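The values are calculated or read from the model by the stated rules, or taken from the named source; none is laboratory data. These numbers were taken from a predicted model, which means no experiment stands behind them. Here the Cβ positions follow ideal geometry from the backbone for every residue, glycine too, while neighbour counts run over all protein chains shown.
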Amino acid sequence: MTLRPDLSVIAANVAAGSRVLDVGCGDGALMAALRDERQVDARGLEIDAANVAAAMARGLSVAQGDADVDLAGYPDASFDYAILSQTLQTARAPDVVLDHLLRIGRRAFVSFPNFAHWRVRLSLLWGGRMPVTRQLPERWYDTPNIHHLTIDDFRAFLAERQVRVERAWFLSGDAETGSAAANLFAEHAVFLLARAEPK
Amino acid sequence: MLDTIDQRFGLSRNVTLPQGLSLDGGGRLATVDIAYETYGMLDADKGNAILVCHALTGDQHLASEHPRTGKPGWWQRMVGPGRPIDTDRWFVVCANVLGSCMGTSGPASIDPATGAPYAMRFPVITIRDMVRAQAMLLDHLGIGRLAAVVGGSMGGMQALSWSATYPERVEAAVVLASTARHSAQNIAFHEVGRQAVMADPRWNNGDYYGAEPPAAGLAVARMAAHITYLSEAGLTEKFGRKLQAREAKTFGFDADFQVESYLRHQGLSFVDRFDANSYLYITRAMDYFDLAEEHGGLLANAFAASRARFCLVSFDTDWLYPTADSRSIVRALHAAGAPASFVELSSPYGHDAFLLDSPELDRVMAGFLGSGR
């Protein structure tokens with residue numbers, strides 16, 4: 001089974017045998033890969049009942065819930081990693097969700113589609129229309145993505161909050177692109193974050 | 001093949017456990033009778049046992065014909081060869097709960113001290129007492145650990161109580177349409193039912209054995225309870241305001257409406273198979289159920305020693321034990337670090353949905369059980 005490119009990056013960089021909370025875990029594809037290939041003890045949170053049922057049928061521990069509401073119930077530092085893949089832009093309060101991720105997990109993986117990719121820019125510049133791309137396939141009225149962001153937005157946001165970036169991956173399709181011009185050329189990004197330790 | 005000749009295994013089994021049982025309420029039963037059934041074959045390592053716990057008015061006839069009604073077992077669609085609880089793989093035990101009336105010790109049983117039925121002299125019992133009696137049965141069957149304990153509604157309460165009371169014996173728990181504590185509304189509906197029974201003159205303070213039972217009171221109790229098992233939308237869809245076998249209202253108090261006729265039928269057919277005093281005792285046990293209270297007021301503490309995997313399922317139209325009840329259990333399990341899954345399934349059938357056809361529930365059940373071994 002092949003994982004989505006951002007999930008492949010995450011799967012390859014989670015330490016074997018760790019404890020993981022996958023927030024917005026979908027049908028559990030990443031969790032299953034982590035369990036089967038890296039002996040990870042994984043838990044999931046997912047809003048869609050059909051996805052939860054599919055993940056449970058895979059033998060995964062997944063609770064139906066909403067990242068905007070239910071993360072508050074998880075104890076501090078209860079996981080090695082909290083993962084939020086392609087979900088940040090769907091949250092009602094992405095800033096609060098990110099705070100919870102870094103509270104619950106010692107580290108956090110966050111992946112999101114980059115709204116400053118050149119295709120998006122061209123669509124707005126020449127078409128004057130909201131972009132519909134392979135990373136953003138929905139139309140403006142039926143998209144779950146209510147908080148679009150760019151890679152530079154996210155970098156600025158992390159700097160403001162003094163969140164430490166341990167590593168970042170920038171992807172166009174399933175190929176990595178450079179960091180310098182990522183805001184223009186990357187379709188999506190994966191960040192590995194850690195809360196800055198007080199000095 | 002050990003199992004084929006072992007008289008402890010099979011359908012319609014009965015055992016008297018001589019060691020007796022001390023109860024949460026302070027009473028004691030000198031001996032305990034348990035009526036139970038088993039399905040499938042116990043592995044040589046005894047590692048494939050699943051205990052299924054029944055609901056308030058259920059019984060041990062999980063997947064076999066009910067001897068009084070002639071109807072199929074109450075969970076035949078879930079349990080059997082090739083079913084989600086696959087008896088080709090699992091050894092399944094289902095026992096009539098303590099306090100009930102299908103062969104397990106209850107108020108209709110003979111009190112060995114007097115030679116007459118206990119009636120209201122039967123001690124008040126709790127969900128945990130039911131679980132302790134089941135544990136004694138498993139000891140008798142030579143089963144130490146359960147691969148899973150599974151139950152819906154009151155059966156779910158037992159599954160939760162099992163994992164709290166015998167954490168070392170439970171590897172997985174499936175809790176369907178259930179709660180960790182009875183709410184004021186739950187207690188209120190049960191009290192209506194009990195008062196209906198007690199208001200029937202034939203109840204006679206519980207001493208009706210050998211005479212006419214309080215069928216009218218018990219039927220009303222069942223009618224009121226049955227409404228709580230269904231959803232408003234489900235009732236509307238099934239009955240609406242349709243009239244029962246007549247063209248116009250009669251301007252009287254016959255069962256003009258189909259829903260009235262349906263409820264009367266539910267009430268009347270119930271009294272043929274259930275003992276009124278058992279109904280009082282079991283509803284009381286459910287009302288007393290508050291798993292957090294048994295563990296210092298914090299539900300997470302109930303699961304502190306558990307190593308089990310948990311699977312919780314609620315149904316969106318269940319207003320008896322609504323989704324919020326399951327969510328609070330899941331929060332407590334997560335706080336205790338337990339591997340817990342939870343899903344709210346969609347169904348028009350209200351609380352009863354866990355008993356009815358649900359391909360999604362089947363998939364969750366089979367997947368969760370299959371993943372354990």
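The table below lists the values:
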| read-out | value |
| --- | --- |
| Failed condition for B:D59, given (1) assigned to a loop (DSSP other than H, G, I, E, B); (2) surrounded by fewer than 21 Cβ atoms within 10 Å (Cβ to Cβ); (3) in contact with a strand residue (DSSP E or B) (Cβ under 9 Å, 6 or more places away or on another chain) | (2) |
| Of all residues making up the stretch B:5-23, the number that are out of contact with any Pro (no Cβ under 9 Å at 6 or more places or on another chain) and surrounded by fewer than 17 Cβ atoms within 10 Å (Cβ to Cβ) | 12 |
| Among the residues listed as B:S183, B:S178, the single one being buried (at least 20 other Cβ atoms within 10 Å of the Cβ) and of a type in the set (S, T, Y) | B:S178 |
| Failed condition for B:L298, given (1) surrounded by fewer than 19 Cβ atoms within 10 Å (Cβ to Cβ); (2) more than 30 Å from A:A77 (Cα to Cα); (3) within 14 Å of chain A (Cβ to nearest Cβ) | (2) |
| Residues that are touching a helix residue (DSSP H, G or I) at 6+ places or on another chain (Cβ under 8 Å), more than 7 Å from chain A (Cβ to nearest Cβ) and part of a loop (DSSP other than H, G, I, E, B), drawn from the stretch B:331-371 | B:A336, B:S347, B:P348, B:Y349 |
| Considering residues of the stretch A:1-48 that are of a type in the set (V, I, T) and over 17 Å from the mean Cα position of the chain (by Cα) only, the residue nearest to A:Q86 (Cα to Cα) | A:T2 |
| Subset of the stretch A:147-199 [of a type in the set (V, I, T) and either at pLDDT 95 or above or under 13 Å from A:A116 (Cα atoms) (or both)] | A:T150, A:I151, A:V163, A:V165, A:V190 |
| Scan of the stretch A:36-51 for residues that are more than 10 Å from chain B (Cβ to nearest Cβ) and outside any loop (DSSP other than H, G, I, E, B), ordered by number | A:D36, A:E37, A:R38 |
| Count of residues meeting criterion [free of Cβ contacts under 8 Å to residues at least 12 places away in the same chain and among the aliphatic types (A, V, I, L, M)] in the stretch A:36-55 | 2 |
| Check on A:E160, closer than 21 Å to A:C25 by Cβ, surrounded by fewer than 18 Cβ atoms within 10 Å (Cβ to Cβ) and without any contact (Cβ under 8 Å) to a residue 40 or more places away in the chain | no |
| Failed condition for B:K238, given (1) without any contact (Cβ under 8 Å) to a residue 40 or more places away in the chain; (2) among the basic types (K, R); (3) surrounded by 18 or more Cβ atoms within 10 Å (Cβ to Cβ) | (3) |
| Unmet requirement for B:A285, which otherwise passes all of (1) buried (at least 23 other Cβ atoms within 10 Å of the Cβ); (2) assigned to a helix (DSSP H, G or I); (3) without any contact (Cβ under 8 Å) to a residue 40 or more places away in the chain | (3) |
| From B:R273, B:R264, residue being more than 14 Å from chain A (Cβ to nearest Cβ), basic (K, R) and touching a Ser or Thr at 6+ places or on another chain (Cβ under 9 Å) | B:R273 |
